[in-house]
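Everything on this sheet refers to the single structure shown next.
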Amino acid sequence: MSTSPIVTELPLGAISDHLVIFIHGMGKQYEDSGNIEHHVATMQKHTKEVLQTQFPSHQLRVKYVPVEWHSVVHLLVDTKMDQSSLGTIPKVRLATNHWLLDCMYYFTKPHNQCIIDTICEQSNKIYQKHLIDYPDFEENQGQVHMVGCSLGGVAGYDIASSQWLPEDGLPPWDGVQDKQYVCARPDVNVPKLDFNVKSLFTCGSPIAAGLIFRGLDYMHFRPPPRTRVFNIFHPFDPLGYRLEPMINDSYTTIDPVKIQRAQRKALLSVNIPKIPNLGIRSSFAGAGPMITRAGKTFWRYLNAETQPVESQALDVSKSTWEPTLDDENNIKHPIPHSSTSLDSSTSSNSSTNSRSGTSNNNSDSNSSRNIVLPIDIWLVEQPSPDMSYSTSTVGEESGSDSEGSAIDCDPAIGLKEKDLPELSTHITGRDGNHYARTDYVLSENVIDAYASEWLIAMKSHFRYWANRDLALHIVQTMIDS
């Protein structure tokens with residue numbers, strides 16, 4: 001299957017060529033329930049819209065072409081699987097045999113070799129055909145990129161990581177000995193590609209999990225420096241995993257790069273105010289624990305009113321409320337604070353009272369009427385971990401791409417510190433060398449904050465090809481390179 005490229009009539013030599021090979025994930029693609037043609041056409045359409053609306057002065061020729069490996073591997077297994085499958089719940093078994101089992105096929109040696117061989121063979125054929133269809137591709141210094149969705153991203157990563165050439169230096173697994181339960185590289189023979197992979201965009205791909213499954217380490221098995229990896233995921237995608245913590249443990253708490261949002265067409269002539277994110281994730285499913293804890297807090301409040309302050313044990317690991325009294329009947333608004341600050345606040349009140357001439361007896365009398373109300377942490381406003389991806393955007397790190405000419409790169413060890421204009425956009429690895437940022441997160445929609453957790457997880461994983469922000473990121477990467 002071949003889609004029409006995005007072509008603009010330009011003078012000779014003014015067209016920048018980009019061939020994008022699309023690697024699908026689990027499930028049927030060209031069969032009755034497959035949609036690979038629609039997915040590729042959607043990405044092609046969004047790329048064209050981004051070029052026309054946001055980059056009218058940049059002329060690119062971009063063509064997406066898919067590879068299809070599902071039907072090839074299933075020719076080897078479907079007959080026996082159909083004979084072994086039970087006849088009940090046919091739709092569920094169809095989903096199991098043609099979707100879920102693809103993951104198991106990939107991580108078993110004979111079928112993994114079949115999938116890798118199929119992708120590499122088709123990719124080389126696509127490249128050679130592209131050279132025939134567009135003879136000026138090499139003259140225009142055309143670039144080849146890969147986009148892998150879900151399991152396709154894992155396959156693309158394995159293929160790109162096995163393309164080390166002599167000019168790239170020693171591969172990272174060179175000299176690394178296999179140990180018990182730990183491997184230097186996968187036990188699969190990856191054919192060489194006829195082209196260099198400029199960029200690998202993985203979308204909702206469990207690459208980190210796939211490395212861990214097989215006892216691999218990113219530091220020992222990764223693509224050469226000439227291939228830039230973009231590990232893209234939606235914050236609610238259940239199959240999205242981060243790669244950067246495998247490079248540096250501290251990036252477990254450092255947010256991924258937030259992808260810039262594409263321009264949207266206004267549907268109405270009036271501005272609609274944004275709905276604030278209230279942290280609701282699973283509809284009524286998350287209300288039960290909150291109600292239970294609120295009940296416990298209420299009973300603690302009742303117990304606190306009937307007990308003197310001295311008899312209440314304070315736990316320094318919890319926050320407390322300390323309502324203060326204007327008089328015997330009126331209570332001020334409570335002020336949340338940590339229990340560890342109770343002594344300092346008490347001493348501050350004592351010094352204030354001594355300066356105002358208040359007697360110690362009156363102070364003791366007032367303190368006996370104070371109510372210390374312990375509450376749970378959840379009552380104090382906390383940032384939601386799901387919504388914490390709000391750091392630098394792609395636009396903020398323009399000009400700092402590791403592929404740029406301003407950065408000197410040693411293929412054998414990565415980037416040197418003296419060559420980095422902005423270390424904040426790069427990672428210092430466990431080996432002391434520097435690597436480009438790898439993890440990129442898409443923005444959530446308003447509905448994502450309120451929909452059911454299960455529904456939003458499914459929606460997030462199967463909507464990458466229709467995401468305009470992803471198309472913008474791909475185009476921006478092509479322009480920067």
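The values are calculated or read from the model by the stated rules, or taken from the named source; none is laboratory data. All figures in this text were calculated on a predicted structure; none of them were measured in a lab. So basically every Cβ, Gly included, is an ideal-geometry build from the backbone, and we count neighbours across all protein chains shown. Note: areas computed on protein heavy atoms with side chains; ligands, DNA, RNA excluded. Shrake-Rupley method; radii C 1.70, N 1.55, O 1.52, S 1.80 Å.
Considering (1) open to solvent by 30 Å² or more (accessible area, probe 1.4 Å); (2) in a helix (DSSP H, G or I), the lone condition that Leu86 does not fulfil carries the number (2).
Only residues that are in a helix (DSSP H, G or I) and surrounded by 12 or more Cβ atoms within 10 Å (Cβ to Cβ) were counted across region 155-183, and they come to 8. Taking the conditions (1) among the basic types (Lys, Arg); (2) in contact with a Ser or Thr (Cβ under 8 Å, 6 or more places away or on another chain); (3) under 27 Å from Leu60 (Cβ atoms) in turn, Lys125 satisfies each one other than (2).
Return the only residue of His24, His46 being open to solvent by less than 20 Å² (accessible area, probe 1.4 Å), touching a strand residue (DSSP E or B) at 6+ places or on another chain (Cβ under 8 Å), closer than 24 Å to Gly142 by Cα and not hydroxyl-bearing (Ser, Thr, Tyr).
Going through His24, His46 in turn, the sole match is His24.
Counting only residues that are in contact (Cβ under 8 Å) with a residue 60 or more places away in the chain, in a loop (DSSP other than H, G, I, E, B) and hydrophobic (A, V, I, L, M, F, W, C), how many does region 207-225 have? Let's see the steps before the verdict.
Pass one, region 207-225, residues in contact (Cβ under 8 Å) with a residue 60 or more places away in the chain: 210, 213-214, 219, 221-225.
The next check asks that each one be in a loop (DSSP other than H, G, I, E, B); those that pass are 214, 219, 221-225.
Now drop any that are not hydrophobic (A, V, I, L, M, F, W, C), which leaves 219, 221.
Within region 207-225, residues that are in contact (Cβ under 8 Å) with a residue 60 or more places away in the chain, in a loop (DSSP other than H, G, I, E, B) and hydrophobic (A, V, I, L, M, F, W, C) number 2.
Residue pairs whose Cβ atoms lie under 7 Å apart, sitting 6 or more positions apart in sequence or on different chains, and linking a residue in region 452-481 that is closer than 15 Å to Val441 by Cα to a partner that is assigned to a helix (DSSP H, G or I) and open to solvent by 40 Å² or more (accessible area, probe 1.4 Å), are Leu472/Gln54.
Is there a residue in region 396-415 that is modelled with pLDDT of 50 or more, more than 16 Å from the chain's Cα centre (by Cα), of a type in the set (A, V, I, L, M, F, W, C) and open to solvent by less than 50 Å² (accessible area, probe 1.4 Å)? Before you say what the answer is, go through the steps one by one.
Taking region 396-415 as the starting set, the residues that turn out to be modelled with pLDDT of 50 or more are none.
No, because not a single residue in region 396-415 is modelled with pLDDT of 50 or more, more than 16 Å from the chain's Cα centre (by Cα), of a type in the set (A, V, I, L, M, F, W, C) and open to solvent by less than 50 Å² (accessible area, probe 1.4 Å).
Scan region 110-145 for residues that are among the β-branched types (Val, Ile, Thr) and over 16 Å from Asp194 (Cα atoms) and the total you get is 1. On inspection, Asp117 fails the criterion of being part of a helix (DSSP H, G or I), among the acidic types (Asp, Glu), at pLDDT 95 or above and open to solvent by less than 30 Å² (accessible area, probe 1.4 Å). Here Arg242 clears all of (1) among the basic types (Lys, Arg); (2) closer than 14 Å to Ala160 by Cβ; (3) part of a loop (DSSP other than H, G, I, E, B) except the condition numbered (2).
Which of the residues that make up region 51-72 are part of a helix (DSSP H, G or I) and surrounded by fewer than 21 Cβ atoms within 10 Å (Cβ to Cβ)?
Looking only at region 51-72, we keep the residues that are part of a helix (DSSP H, G or I), and these are 51-54, 70-72.
Within region 51-72, Gln52, Thr53, Gln54, Ser71, Val72 qualify.
Glu31 - would you say it is in a helix (DSSP H, G or I), open to solvent by 20 Å² or more (accessible area, probe 1.4 Å) and at pLDDT below 90? For Glu31, the condition - in a helix (DSSP H, G or I), open to solvent by 20 Å² or more (accessible area, probe 1.4 Å) and at pLDDT below 90 - is not met.
From Leu131, Leu76, which residue is more than 24 Å from Ile474 (Cα to Cα) and over 31 Å from the mean Cα position of the chain (by Cα)? Walk me through it before giving the result.
Details: Leu131 fails: more than 24 Å from Ile474 (Cα to Cα).
Residue meeting the stated conditions: Leu76.
Taking the numbered list (1) charged (D, E, K, R); (2) out of contact with any His (no Cβ under 9 Å at 6 or more places or on another chain); (3) within 22 Å of Asn189 (Cα to Cα) in turn, Asp136 passes all entries but (3). Of all residues in region 94-111, those satisfying the criterion of being over 14 Å from Leu76 (Cβ atoms) and either open to solvent by 60 Å² or more (accessible area, probe 1.4 Å) or touching a strand residue (DSSP E or B) at 6+ places or on another chain (Cβ under 6 Å) (or both) are Leu94, Trp99, Leu100, Phe107. The residues in region 430-481 that are among the aliphatic types (A, V, I, L, M), within 17 Å of the chain's Cα centre (by Cα) and open to solvent by 40 Å² or more (accessible area, probe 1.4 Å) can be counted, and the count is 1. When Tyr157 is tested against the conditions (1) over 25 Å from the mean Cα position of the chain (by Cα); (2) at pLDDT 95 or above; (3) among the aromatic types (Phe, Trp, Tyr), the lone failure is (1). When Asp237, Asp136 are checked against the criterion of being in contact (Cβ under 8 Å) with a residue 40 or more places away in the chain, under 27 Å from Arg468 (Cα atoms) and part of a loop (DSSP other than H, G, I, E, B), Asp237 stands alone in meeting it.
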